[in-house]
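The values are calculated or read from the model by the stated rules, or taken from the named source; none is laboratory data. The structure displayed is predicted, hence computed values, not measured ones. In this analysis, Cβ positions are derived from the backbone assuming ideal geometry, glycine residues included, and neighbour counts consider all displayed protein chains. We work out accessible area using only protein heavy atoms, side chains counted, and drop any ligands, DNA or RNA first. Shrake-Rupley method; radii C 1.70, N 1.55, O 1.52, S 1.80 Å.
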Amino acid sequence: MSADTQRPRVMADEELPNVLRERLSADVELVPWNPHPGAAERDVSGIFTFGHPIVDDTMLAGLPALKVVSNHGVGVDHIDVEAAERRGILVGNTPGVLDGAVADLAFALLLAAARRLPESAAVARNPATVAFDQMQLHGQEVHGSTLGIVGLGRIGAGIARRARGFDMQVLYHNRRPQADVASAIGAEYVSLEALLRSADFVILCVPLSESTRRLIGAKQLGWMKPSAVLINVARGPVVDTDALVTALNAGQLWAAALDVTDPEPLPRNHPLLSMPNVLVTSHIGSASLQTRQRMADMAVENLLRGLELRK
Ligand code: DGY
């Protein structure tokens, strides 16, 4: 606590928007982000992460009064959760409230890539377009196709439920089969290789960890059908970016739709950004007005509860 305010001191990263700064300031004193904390941060008892800043063990070690890290988002791959647990620091995130929005976006990417919406939108706007052309932009059919979901958590299950409305056969792969969830939504467990070999659409929704980093590399891309579409709504490093560029250039898969990339954002001259069969969005999986509001509510509550619990 600082002597003047008696409010808990909380470090927040620079990305934190004003609306959340103002909201948090009602209960805590916000202090500027410092990845190498020193004397000025010795009494900081909370961290609020918004723009995925790295919170590693060294940073935690420099914050002896730290009680809670609250992350605005579900993915906590930028936080060393194990180190925090070892130090008795609570880590909060926002699971559940964003599942529907991310599942919606995954399906939007699937449909857009399959039916070549960005290319068609460009044709529609092009001043040179003067006639309807039946031979243009033939895409891949979605209804009745096979969807492979890598990571059948809450988001994956939401995607599977949406797929049923498109009469898709749903395969999934997970570290462990999710028999109950899968049978309720009609998804069949297969190995990663079988999934990649038979799916028309592959959606990645695993959390990023050491076991999922570069899960999809040259070998796995080589298993995909030349007509298949890869969709990533997980984290960029789940896919080996260079291997993806090579596979797309070689026609090993038909298209890719990526809401997340490695690095993120991609360098402005990156080959993926100029491939007509690659749709890249700017990490907007959970970016609906309603979901962002729920995430903010949950992240603020996690912070305040954590501070209260460890008082
Ligand atoms: C998440 O929830 O992890 C999104 O990437 C936004 O942070």
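Okay, here's what the table says:
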{"read-out": "Translational D in µm²/s for the range 42-149 (Stokes-Einstein at 25 °C, 0.890 mPa s, Kirkwood Rh from C-alpha pairs)", "value": "136 µm²/s"}
{"read-out": "Carbon and sulfur %, accessible surface of the chain computed with the full protein complex present, 1.4 Å", "value": "52 percent"}
{"read-out": "Rg over Rh [alpha-carbon atoms, Kirkwood Rh] for the chain", "value": "1.03"}
{"read-out": "Principal-axis tilt of helix 289-309 within the chain, Cα atoms, nearest 10 degrees", "value": "30 degrees"}
{"read-out": "Label point distance in nm, Arg154-Ser211, each placed 7 Å from Cα along Cα→Cβ", "value": "2.1 nm"}
{"read-out": "Per residue accessible area of the chain, 1.4 Å probe, in Å²", "value": "49 Å²"}
{"read-out": "Computed helical MRE - 222 nm, the chain, DSSP H runs ≥ 4 contributing -39500 (n - 2.57), nearest 500", "value": "-9500 deg cm²/dmol"}
{"read-out": "Segment Asp180-Phe166, length gained on full extension (0.36 nm per residue, minus Cα span)", "value": "2.8 nm"}
{"read-out": "Spatial separation of Cα centroids for the range 247-308 and the range 53-130, in angstrom", "value": "6 Å"}
{"read-out": "Mean Cβ count within 10 Å, highest first, over the residues of peptides 17-30, 229-242, 76-89", "value": "229-242, 76-89, 17-30"}
